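The values are calculated or read from the model by the stated rules, or taken from the named source; none is laboratory data. These figures come from a predicted structure and were not determined experimentally. Here the Cβ positions follow ideal geometry from the backbone for every residue, glycine too, while neighbour counts run over all protein chains shown.
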Amino acid sequence: MHFLRFAGGRWPAWPLVLLPLGALEYLLGEYPGWVLIAWVTPLLWLVFFQHSWPLVAYAVGALGLTLVYSTQHAVNMLTGPAFHLTNLAFAATYLLPFLLSRALAAGVPVAGRWLLLPLAAVGIEYGLALGPNGTWGSVGYSQDNVYLLQLTAWTGIYGVTFVLYATAGLLFEAGQQQRAGQRGVRPVGLALGLLIGCFGGGWLRVHQQVPARAGVRVLGLTFQDARSWPWFQEVVWARNLTLGRDSVLLRQKAAAAHGYYLAQTQQNAQRYRAQWVIWNEAALVIYRPDSGAFAVRNARFAAANGLYLGVTYFLVGRSFPARPGRNHLTVFSPHGQVVYDYVKNKPVGGLEPAVAAQQPPAVFRVGSVAYAGAICADFDYPDLIRRVGAADIVFAPAADWPGIRDLHARMAATRAVENGFALFRIAGRGKSSLTTAYGEVVRSQYHLASEVKAFVATVPVQKVWTPYRAWGDVFAQLCLGSLLGLVVAGRWFRPIRVSTALIASPQ
């Protein structure tokens, strides 16, 4: 291990890197708007791993990062052992690309070593996205620059991750060349060329965008005032009421809340002259025997007010929440007909007692405009939302918590750029936003206060074709294949033992 002479003694160099790393990672978690930090930390992690034994660096880094994450309870709502285990899992996953790039470097041609980190990061993120948590934890979501995000129209979110890590890899390689007595000009030039290409290409795409052919007036409503019914807290979290024991009371509460929500919908729709109204996720809980009357009441209301009404509710049986319900978005037309009925595909495990539907979201048409809708965490899964990539406008009723308000809104907005549709997101306890097909946030507002809050916007009908919608995650798959190709090429030209590289002393 490299040592520095300090105060007459010999001290390991890695703590001098780990301490600022911990501070920067903490700031990035607390202030996600400080996007430049995400460009600095990968380079520092490369330095940290370079000056430590790889497995030791991985263990120390993962434990240190877990400690940093443990201070951020607002982001991770879990408690007890689950809280710490989740933090450890995210820390270990985040550092895995650095471990792989360090361990494999000795067996890869020098000219291609800078590629190890971005290829490993994209490959790991893609593999994890196929699992139960989707794209949560993707480094690409640290960025909100609209020009850089145009890259996702080609590569998905993985392209942003690649650029972040490729830049770090190239700058690190330049530093290594300088240590070896070389100038390091070529990797710096490649890094600048990569950034200019991505940001410049994004600038051109945004400034040559397809004009909107129409606009649709949409009103989003969140119900969080004293007269709204916090059924989720009473029935699911606190379990003060159950359908088995308190079915009469719960059904009365549901009917009263439904009437109040419709009255608020009518008042705000008239005020803002909305054509569509969408409620925040899980506004009501409806007992299955009452579903027919519930649908009739909504249909009559939509017809009487000349609205497309998107209602959100859990449809449950008497054994709920022990037996999961179904998380619905149902849209009623001004003719009193159901034009769209969707059940959430990706309920949040451990927090949401809902059945994962097997029927993906679909596109439906109203006149010349194609619409679709999905619910909250569904937008964490790019392949699922790509199913409705043909839509002009997609609705996203959601229910967040304040600690993820900006991050989760950013994740959903990325799906709009990937697929070229406009996204109207209405989020209880979170951030509502209107995002164009180019990722421009036309309007946004927080829905954190205890009140009924309206979010109204004219949504542009601006369908844009994107390569990502056509070929999906090919870029991520190519990165994974290229990583394997580099390893094979390195073994062909210079046989190594990866196990030896993992424990080899630092350079």
Across (1) part of a helix (DSSP H, G or I); (2) at pLDDT 95 or above; (3) over 30 Å from SER52 (Cα atoms), ALA476 clears everything bar (3)
If you take the residues in region 164-192 that are touching a Pro at 6+ places or on another chain (Cβ under 8 Å), aliphatic (A, V, I, L, M) and touching a residue at least 24 places away in the same chain (Cβ under 8 Å), which one is farthest from VAL110 (Cα to Cα)?
-> LEU164
Given TYR260, TYR313, which one is crowded, with 22+ Cβ neighbours inside 10 Å and hydroxyl-bearing (Ser, Thr, Tyr)?
-> TYR313
At least 3 residues that are within 25 Å of ALA377 (Cα to Cα) and among the polar types (S, T, N, Q) in each: list the strands (runs of 3 or more DSSP E) lying fully within region 290-346 that qualify.
-> none
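Conditions tested, residue by residue: (1) of a type in the set (Asp, Glu); (2) within 26 Å of HIS447 (Cβ to Cβ); (3) out of contact with any Cys (no Cβ under 7 Å at 6 or more places or on another chain).
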position	(1), (2), (3)
TYR272	no, yes, yes
TRP276	no, yes, yes
ASP290	yes, no, yes
ALA303	no, no, yes
THR312	no, yes, yes
LEU315	no, yes, yes
HIS328	no, yes, yes
PRO347	no, yes, yes
PRO360	no, no, yes
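Here is a yes/no grid of residues against (1) touching a helix residue (DSSP H, G or I) at 6+ places or on another chain (Cβ under 7 Å); (2) over 21 Å from ALA174 (Cα atoms); (3) at pLDDT 90 or above; (4) exposed (fewer than 13 other Cβ atoms within 10 Å of the Cβ):
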position: ARG5; (1), (2), (3), (4): no, yes, no, yes
position: LEU28; (1), (2), (3), (4): yes, yes, no, no
position: VAL35; (1), (2), (3), (4): yes, yes, yes, no
position: VAL40; (1), (2), (3), (4): yes, no, yes, no
position: PHE48; (1), (2), (3), (4): yes, no, yes, no
Output the number of residues of region 413-468 satisfying the condition of being basic (Lys, Arg), surrounded by 18 or more Cβ atoms within 10 Å (Cβ to Cβ) and within 23 Å of TYR141 (Cβ to Cβ).
-> 4
Any chance PHE332 is under 21 Å from GLY292 (Cα atoms), over 15 Å from the mean Cα position of the chain (by Cα) and touching a residue at least 40 places away in the same chain (Cβ under 8 Å) | no
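Let's see how each residue does on (1) closer than 25 Å to SER432 by Cβ; (2) not charged (D, E, K, R):
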residue	(1), (2)
GLY184	no, yes
LEU192	no, yes
LEU195	no, yes
TRP203	no, yes
HIS207	no, yes
VAL236	yes, yes
ARG251	no, no
ALA254	yes, yes
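Pick out the one residue from VAL160, VAL110, VAL122, VAL139 that is free of Cβ contacts under 8 Å to residues at least 60 places away in the same chain and either under 30 Å from LEU204 (Cβ atoms) or not assigned by TED's automatic domain parsing to the domain that holds GLY201 (or both).
One residue alone meets the criteria, VAL160.
Give the residue, chosen from GLN252, GLN275, that is more than 30 Å from PRO402 (Cβ to Cβ) and within 30 Å of the chain's Cα centre (by Cα).
Matching residue, one of GLN252, GLN275: GLN275.
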Name every residue in region 384-398 that is part of a loop (DSSP other than H, G, I, E, B), of a type in the set (A, V, I, L, M, F, W, C) and surrounded by 24 or more Cβ atoms within 10 Å (Cβ to Cβ), in order of residue number.
-> ALA391
